[in-house]
Amino acid sequence: MAARTAPKDPAGSTTAAPLVLVCGDDDFSVKQRARSLYEHWCTELGGMDHEVIDASAANAGEAQQKIARLLESLNTLPFFGGAKAVWFQNCNFLGEERTAGSASVTSALADLAETLKSFRWDGVRLLVSAGKPDKRRVFFKTFEKLGAVETFEALSQQDKDWAGKAESEAIRILRESGKDTDDEALAELVHRVGPNLRLLASECEKLALYTGARATITRDDVTTCVSRQKLARAFALAEALGDRNLGKLLNTLDEELWEIRVGTDKRKSEIGLLYGLISKIRTLLMLKELVTNGSLKPVRDYNAFKSQLDRIPASSMPADRRFNPLASHPFVLFQALKQTAQYQTEELVEAMEILLEANRSLVSADLDESLVLQQAAIRIVGLRRKAA
């Protein structure tokens, strides 16, 4: 399979603006981008008088001190002349934090904005890195008008394109380590880690160390090195059902039920586990239908499978994400398409009826939830049509 190559790194680009605000709730990307830009400025400007100011403040008094320190730094010329870069790092009072809501901090930031408007930026550059800012404030609008603002939003499972963004970031990180990867390995990596760029970077570094002098990372490397995070573990029960592996299914179900009993994850529930199984069977049914009507063809190549998905008109799929198989990660669907061979369509329809019956039992009957789920799992996996 052809190796994937890294896209151009946006963090390597430069800006001519003397003021740059790098902000957002993706703390990892904000720090990474700000450091890259600051180091570029230092190299470009030369000299030794560049300055990094820790802008993290625990209260309003500290925030005012940090602002005063910034003004002092901006007004202090380099000792040997030349240019100067100032990085106001990890600022935590530009958004809706408690400290930011203080009247004294609001006033100090407004005064700072006025100073920046009249400041002579000849030979001076200011970089501010911060969390998610309040875009209504004068300070933010000043940067928008006079300089540049770069915003990094954290990846979220609700973001339809989170997997693609994570894949691009993984390719970039691995390429910096001198590594390439094939499509299946990349998809498995992203599927295991989920929408967490900081953790993704850590796992990429782990893979680079594990593979040593070998240039290409394979899916076997990923399954050996990368642990399944919360998002991937959430699919483990459904995957066991799709594989029609009763032993694995019951073991995984037992682990999930134990977490519910001890309260490890307050958001988990028996009915939630059931809905996960329903979603899996529904996906298998819809994939079988897509194969039947010719929209999909079983292939072994993951990249070829993704190309098929891209050709399916979005208008032909349900608007509700719960019923739209294309809303899932392509790798999840790639694996599920293989699992459709384990079931006949009639068996999947009967499985939905079994799960509907289990749903009624969990909601209305005074039965042991664990027993209801276990019986449903055994009945579904035990279904075997004569024509199979």
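Values in this text are rule-based calculations from the coordinates and carry no lab data. Everything quoted here is computed from the prediction, not taken from an experiment. Glycine also receives a Cβ, built like all others from the backbone with ideal geometry; neighbour counts cover every protein chain displayed.
Think of it as helices only: each DSSP H run of n ≥ 4 in the chain is worth -39500 (n - 2.57), and spread over all residues that comes to -17500 deg cm²/dmol at 222 nm. With respect to the chain, whose longest principal axis is taken over its alpha-carbon atoms, helix 270-292 is tilted by about 80°.
Can you find, among Ala60, Phe331, Val149, the residue sitting farthest towards the positive end of the charge dipole of the chain, where Lys and Arg contribute +1 and Asp and Glu -1 at Cβ? Final value for the positive-end residue is Phe331.
Taking the Cβ-Cβ separation of Asn303 and Ala327 as r and a Förster radius of 22 Å, what is the calculated FRET efficiency to the nearest 0.05? All intermediate terms of the calculation are to be shown ahead of the outcome.
Working: r = 20 Å, r/R0 = 0.92.
Efficiency, from the Cβ-Cβ distance: 0.65.
Rounded to the nearest 20, the size of the Cβ-charge dipole of region 162-225 about its Cα centre is 220 debye, with Lys and Arg at +1 and Asp and Glu at -1. In this Cβ point-charge picture (+1 for Lys and Arg, -1 for Asp and Glu), region 10-151 has a dipole of about 280 debye about its Cα centre.
So who's got an amide H within less than 5 Å of the one on Asp180, skipping anything under 5 residues away but keeping other chains? H placed 1.01 Å off N, in plane. For Asp180, the qualifying residues are Thr216, Ile217. Here the contact order of the chain, divided by its residue count and restricted to Cα pairs under 8 Å and six or more residues apart, works out to 15 percent.
Could you work out how far the C-alpha centroid of region 16-50 sits from that of region 149-208, in angstrom? Cα centroid of region 16-50 versus Cα centroid of region 149-208: 22 Å apart. Using Cβ point charges alone (K and R +1, D and E -1), the dipole size of the chain about the Cα centre works out to roughly 580 debye. The protection proxy used here, the mean number of other Cβ atoms lying within 10 Å of each residue, ranks peptides 353-361, 123-131, 373-381 as follows, highest first: 123-131, 373-381, 353-361.
How high is the relative contact order of region 162-225? Use alpha-carbon pairs under 8 Å, at least six apart in sequence, and give a whole percent.
42 percent
Modelled spin-label separation between Gln375 and Arg198, with each label point placed 7 Å from Cα along the Cα-to-Cβ direction: 4.6 nm. Pairs of Cα atoms nearer than 8 Å and 6+ residues apart set the relative contact order; for region 185-327 it is 17 percent.
Modelled this way, with points 7 Å down the Cα-to-C-beta line, the labels at Leu146 and Leu246 are 7.3 nm from one another.
By per-residue mean of other Cβ atoms within 10 Å, what is the highest-first order of 243-256, 196-209? Please list the in-between numbers first.
Details: 243-256: 16.5, 196-209: 18.3.
Going by the mean number of other Cβ atoms within 10 Å, highest first, we get 196-209, 243-256.
Of the residues Ser73, Ser269, Ser364, which exhibits the maximal mean-square fluctuation in a Gaussian network model of the chain defined by a 10 Å Cα contact cut-off? Result: Ser364 has the largest fluctuation of those listed. How far is helix 103-118 tilted off the main Cα axis of the chain, in degrees rounded to 10, range 0 to 90? Orientation of helix 103-118: about 60 degrees from the principal axis. Treating each Cα of region 280-388 as one equal point scatterer and applying the Debye formula with no solvent, the log10 of I(q)/I(0) at q = 0.16 Å⁻¹ comes out as -0.80.
Take every DSSP beta bridge whose two residues both sit in the chain; close to 5 percent of them are antiparallel.
Near Val52, the amide H atoms lying under 5 Å from its own belong to Trp87; only residues 5 or more places off or on other chains count, and H is placed 1.01 Å from N. Here's the picture: charge each Lys and Arg Cβ at +1 and each Asp and Glu Cβ at -1 in region 235-382, and of Met317, Ile378, Ala304 the one pushed furthest to the positive end of that dipole is Ala304. Dividing the Cα radius of gyration of region 162-225 by its Kirkwood radius returns 0.90 for Rg/Rh. For Lys84, the amide hydrogen comes within under 5 Å of the amide hydrogens of Val124, Arg125, counting only partners 5 or more places away or on other chains and with H modelled in the peptide plane. Which entry is the computed Cα Rg over 2.2 N^0.38 Å for this structure: (i) 2.04; (ii) 1.00; (iii) 1.26? Label (iii) holds the value from this structure. Measure nothing fancy, just the Cα-based angle from helix 369-382's long axis to the longest principal axis of the chain, in degrees from 0 to 90, nearest 10. Tilt relative to the chain: about 60 degrees.
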